[in-house]
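> This is the structure I have questions about; it appears just below.
All of the numbers you see were taken from the coordinates with simple rules; none came from a lab. These numbers were taken from a predicted model, which means no experiment stands behind them. Here Cβ is always computed from backbone atoms with ideal geometry, including for glycine, and neighbour counts include all displayed protein chains.
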2 protein chains.
Amino acid sequence: MTASAARADTRPSPRKHAGNDAARRIDADEIGLDALVGHAGYAVRRFQIWIFQDFVRTLRAVDIRPTQYSVLTVIGANPGLSQMAVAKRLGIERARLVHLLDSLEQRKLVKRIKSKADRRSHALHLTAPGETALAKFKRLAAEHERHVEEKIGKANRERLLEILAGFT
Amino acid sequence: MTASAARADTRPSPRKHAGNDAARRIDADEIGLDALVGHAGYAVRRFQIWIFQDFVRTLRAVDIRPTQYSVLTVIGANPGLSQMAVAKRLGIERARLVHLLDSLEQRKLVKRIKSKADRRSHALHLTAPGETALAKFKRLAAEHERHVEEKIGKANRERLLEILAGFT
DNA sequence: CGACAATTGTTGTCGTCAACAACAATCTTC
DNA sequence: GAAGATTGTTGTTGACGACAACAATTGTCG
């Protein structure tokens, strides 16, 4: 079979785009997604990107990204945790957490205290400025959460949280 | 206020982990997430990671990742699209799409045909083997989707798709 | 007790992905 | 026809997940 350029006839009718290929401008919103609609993963991925971007935008003034926020929140609620414990709880590689904590420690938000019980591990604590900063971050995060509500609706947001409660 | 090491008293009761910091082993499932619970972004992120991994695992035999699958699906449903159109529709950077298509073209699943109408752009088509391969990918993707159903429940999956329909 | 396995933090590499910036070729617009 | 926009491409940067290796330390078990 030769792979010549003009074999646009035996295809099982792809629904859109009549006749002449690429002869006409196509707006992005008239392109069919076919099997993609109905895939939970695709919708979740697009939604996650949107949420992520809104979070970053909303917290840009304080320069805190979602992962950093999750680390600070967990340490704030459970002071004294080891890096392993935080990593496991948040599903972060402990290798990755090292860099995250390096950054947060440089910014004086977190401190690593050598544990006396297990001299391999560090007990993680918020600094005093870290605690006040986290309070501010939480206010901004709540604002971001309101954006989510505006986007998908208050009831839908709550249903979403219920459905995905098992993954937290 | 001095930031000395022994200031664990004036904190507003972090709920868990009584008394002596880091003196006791802590299981990951007894660590409180505090403000993280109630953040849609956190739950969605964790869920997205789970879905992603299951998709990759389910389609590992054919070596197709989620983004590649989405590209193939859109091209299959809308042959002749330009790279710009595909990128815009899927929310992919056009720079990123270049590499994706390079890979798919090397594997003879997709071909770029120089458009005569606009000689800057390429009309994207599936090859004949690309079409049959995509059919197989779709079967495997459907299997993955069943995994999602098992994980969160059939009804919840459908509610999820409704809630996030606006993002597709 | 002492050798050996496991854990903790760390460093490093690799590959995926989003976000930009710059560029040549080509189209559009005036 | 000149100026500006678009398309594909190349390259860089940074966040992130996955892995592998390592030193220091702890746990275990003979």
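> Dipole of region A:69-140, Cα-centred, from +1 at each Lys and Arg C-beta and -1 at each Asp and Glu C-beta, to the nearest 20 debye? If you can, show how the numbers build up before the last one.
Working: 15 positive and 5 negative charges, 16 e Å.
Once rounded to the nearest 20, the dipole reads 80 debye.
> Listing B:Ile49, A:Ile51 from the residue with the fewest other Cβ atoms within 10 Å to the one with the most, what is the order?
B:Ile49, A:Ile51
> Return the sequence-ordered ³J(HN,Hα) values of region A:70-87 in whole Hz as given by the Karplus equation 6.51 cos²θ - 1.76 cosθ + 1.60 applied to θ = phi - 60°, using x for Gly and Pro.
5, 5, 4, 4, 5, 5, x, 8, 9, x, x, 5, 7, 5, 4, 4, 5, 4
> What average number of partner chain Cβ atoms lie no more than 10 Å from the Cβ of the residues making up A:105-114? Write out the running numbers ahead of the final one.
Numbers: counts 0, 0, 0, 1, 0, 0, 2, 0, 3, 1.
Average per residue, whole number: 1.
> Considering the dipole of region A:40-167 built from charges on the beta carbon (Lys and Arg +1, Asp and Glu -1) around the Cα centre, which of A:Thr73, A:Leu104, A:Ala141 is farthest to its positive end?
It is A:Leu104.
> Here is a further query. Please find the FRET efficiency linking B:Glu105 to B:Met84, where r is the Cβ-Cβ separation and R0 is fixed at 25 Å, and quote it to the nearest 0.05.
It comes out at approximately 0.90.
> Work out from phi, with θ = phi - 60° and the Karplus expression 6.51 cos²θ - 1.76 cosθ + 1.60, the ³J(HN,Hα) of each residue of region A:145-152, listed in order in whole Hz, and give x for Gly and Pro.
4, 5, 4, 4, 4, 4, 6, 10
> Here's something else I'd like to know. If you add up the charges near A:Phe52, with Lys and Arg at +1 and Asp and Glu at -1, over every other residue whose beta carbon is less than 12 angstrom from its beta carbon, what do you get?
Residues near A:Phe52 contribute +4 overall.
> Moving on. Roughly what would the spin-label model give for A:Arg146 and B:Ala117, points 7 Å off Cα along C-beta, in nm?
4.6
> Output the relative contact order of region A:40-167, whole-number percent, from Cα pairs under 8 angstrom with separation of 6+ residues.
Once normalised by length, the contact order is 24 percent.
> Say each of A:Glu158 and B:Ala155 gets a label point 7 Å from the Cα, pointing the same way as Cα to Cβ; how far apart are those two points in nm?
Result for the modelled spin labels: 1.7 nm.
> Just the projected area, averaged over all directions, of the convex hull on the alpha carbon atoms of region B:38-167: how many nm²?
9.0
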